[in-house]
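First the structure, in the form of structure tokens, and then the observations on it.
The values are calculated or read from the model by the stated rules, or taken from the named source; none is laboratory data. The structure displayed is predicted, hence computed values, not measured ones. Don't worry about glycine lacking a Cβ; one is built from the backbone with ideal geometry, like all the others, and counts go over all protein chains shown. We work out accessible area using only protein heavy atoms, side chains counted, and drop any ligands, DNA or RNA first. Shrake-Rupley method; radii C 1.70, N 1.55, O 1.52, S 1.80 Å.
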Amino acid sequence: DMGKQLEIFGPIHLIVTAIQSSIYVLFWAIVVLVLLMGSVAMIISESLESYITDVSNSDADERVAVLQAWGSFTRALVTMFQITLANWAPPCWVLTNYVDEKWSIFFVTYKCIIGFAVVQVILSVFIQQTFKTAARDEDVMIREKEANGKAVLKNIEHLFDVIDTSGDGTVSWEEFQGVLTDPRMRTWFGALEVDIADATELYEILDDGDGSMSKHEFGTGIKSIKGAAQAKQLFMVRCNVKHIETMLTHMEKELEWLRAAVGASAWWGTAAPSGKDASARSGAGGDAAALSGPTAYTPAPSGTGNDTSGCSPPSAVYFIC
């Protein structure tokens, strides 16, 4: 089974990938540590040279112990590696007991600054690089996403079982409304990133219209609306609905205005004289402009049954959401 193999060998793949991606970090970490410890080793070795070569002020065994740890640059560098990354107490006690107690202050200060601060920073860089590698690896991302999806689905199914108090495999509105009064259940929905401020609206979204929710409907709906992005999309839908309602209201007003305009035009057509009479009156010197017929819409005079003086076409509506 390919899934089982990925589950078993996935951590090994991550370790190898992280090591490969950390080669440059490892190189520069070694450079920094070698330069730092080499400088300190050189200073300490030079400071102890007079003690090692002085045969009159110390015991031969003590000078040999100091020589073995600090007698050359190479020995001093190895001792500094031990102090920085391993057990620092034995080299510290050698110089404290045989040379001077002031060396203890130096080693404690060095361990606090370099051993705790610098080394821990380098380790943190390695850990950060490992997390970056894991975040960029396709296989790791896929496994993480699948694991998270399974965990969320299991949580949603458990939530459905708790809401389904009757145990019939469906959730009615009464069951849904009764359970949501429980503060623990509201917190549970909040943990799933689902807003239950309006329980009625949430139930209408989850239900397909038959008055009850199955486990499939509940799981699919919760996964669709959970999270900030889904909440934003739902808000945009609400916004669009409001703008559509506004547009329909303006269209209704415009239709009323058009009906009034058509009624006024019909009134003028009925009241106007016929073409023959109009010609006669025009030839007789009558006002042809007043009798030329309804070539353009003119508001009806006040007092008529089709008074449209209060009607005006609505302005254009521009909306975005």
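Observations
- Residue count, region 206-234 (criterion: over 15 Å from residue 193 (Cα atoms) and modelled with pLDDT under 75): 5
- For region 109-131, filtering for residues that are touching a residue at least 12 places away in the same chain (Cβ under 8 Å) and of a type outside the set (D, E, K, R) leaves 10.
- Wholly enclosed helices (runs of 4 or more DSSP H) of region 115-219 bearing at least 3 residues open to solvent by 70 Å² or more (accessible area, probe 1.4 Å) and under 30 Å from residue 89 (Cα atoms): 119-136
- Residue in region 86-100 that is open to solvent by 50 Å² or more (accessible area, probe 1.4 Å), free of Cβ contacts under 8 Å to residues at least 12 places away in the same chain and closer than 30 Å to residue 13 by Cα present: yes
- Region 40-108 holds helices (runs of 4 or more DSSP H) entirely within its bounds, and those carrying 3 or more residues that are under 55 Å from the mean Cα position of the chain (by Cα) and at pLDDT 90 or above map to 73-85, 89-98.
- Residue in region 136-153 that is closer than 18 Å to residue 25 by Cα and under 28 Å from the mean Cα position of the chain (by Cα) present: yes
- With respect to being open to solvent by less than 70 Å² (accessible area, probe 1.4 Å), over 30 Å from residue 136 (Cα atoms) and of a type in the set (A, V, I, L, M), residue 66 fits the description.
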